[in-house]
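Worksheet for the structure shown next.
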Amino acid sequence: MHHHQSPEMKTCIDNCLACYRECLSTAMNHCLEMGGKHTEPAHFKLMMACAEICRTSAHFMLIGSEHHKHVCRECAEICAQCAEDCKRIGDMESCVAACRRCAESCTKMAA
């Protein structure tokens, strides 16, 4: 196998998968249970978009696609936005942390 994953890429894949898991489960459990501002369409769609782009970024890196840079750039942007929105709504610290970690590592992979 000539495609070699760097330690940075392995970390990024882990961060993407962790963020995917965190955003999806937080939205589907915490947010749906809380209701109100937690289920505002814009916020809920952002969380779903974040989960999906994280999953996609991990997938692109795992298959060794050279397009991962573009996907990671978009992922970093969406994760940063999701972190801010989850912080705004409040009581979503683990989601904020997962999104920030993912944004940071995806920014490095996109460079």
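The values are calculated or read from the model by the stated rules, or taken from the named source; none is laboratory data. What you see is a predicted model, and the numbers here were worked out from it, not measured in a lab. Cβ placement follows ideal geometry from the backbone for every residue including glycine, while neighbour counts extend to all protein chains displayed. These area figures cover heavy atoms from the full protein model, side chains too; ligands, DNA and RNA do not enter into them. Shrake-Rupley method; radii C 1.70, N 1.55, O 1.52, S 1.80 Å.
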Item checked: Members of region 74-111 found to be within 17 Å of Ser6 (Cβ to Cβ) and open to solvent by 30 Å² or more (accessible area, probe 1.4 Å), listed by number -> Glu104, Thr107, Lys108, Ala111
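Take Ser94 and tell me if it is touching a residue at least 60 places away in the same chain (Cβ under 8 Å) and either part of a helix (DSSP H, G or I) or closer than 24 Å to Gly35 by Cα (or both). Let's see the steps before the verdict.
Values: touching a residue at least 60 places away in the same chain (Cβ under 8 Å): yes; either part of a helix (DSSP H, G or I) or closer than 24 Å to Gly35 by Cα (or both): yes.
Yes: the conditions hold for Ser94.
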Note to self: Between a residue in region 15-44 that is basic (Lys, Arg) and any residue that is open to solvent by 40 Å² or more (accessible area, probe 1.4 Å), which pairs come within a Cβ distance under 6 Å, given they are 6 or more apart or on different chains?
What the structure shows: none
Next item on the list: Being closer than 18 Å to Ile78 by Cα and open to solvent by 60 Å² or more (accessible area, probe 1.4 Å) is the filter here, so list the residues in region 25-52 that pass it.
Entry: Glu40, Pro41, Ala42, Lys45, Glu52
Check: Can you tell me which residue in region 55-73 is nearest to Cys102 (Cα to Cα), limited to those that are in contact with a Ser or Thr (Cβ under 9 Å, 6 or more places away or on another chain) and open to solvent by less than 80 Å² (accessible area, probe 1.4 Å)?
Finding: Cys72
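So that you can scan it fast, the table gives a plain yes or no per residue for (1) within 9 Å of the chain's Cα centre (by Cα); (2) among the β-branched types (Val, Ile, Thr); (3) modelled with pLDDT of 95 or more:
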residue: Thr11; (1), (2), (3): no, yes, yes
residue: Cys54; (1), (2), (3): yes, no, yes
residue: Ala58; (1), (2), (3): no, no, yes
residue: Glu77; (1), (2), (3): no, no, yes
residue: Cys82; (1), (2), (3): yes, no, yes
Next item on the list: Please identify the pairs in which a residue from region 62-75 that is small (Gly, Ala, Ser) has its Cβ atom under 9 Å from the Cβ atom of a residue that is surrounded by 13 or more Cβ atoms within 10 Å (Cβ to Cβ), counting only partners at least 6 apart or on another chain.
Entry: Gly64/Gln5; Ser65/His59; Ser65/Val71
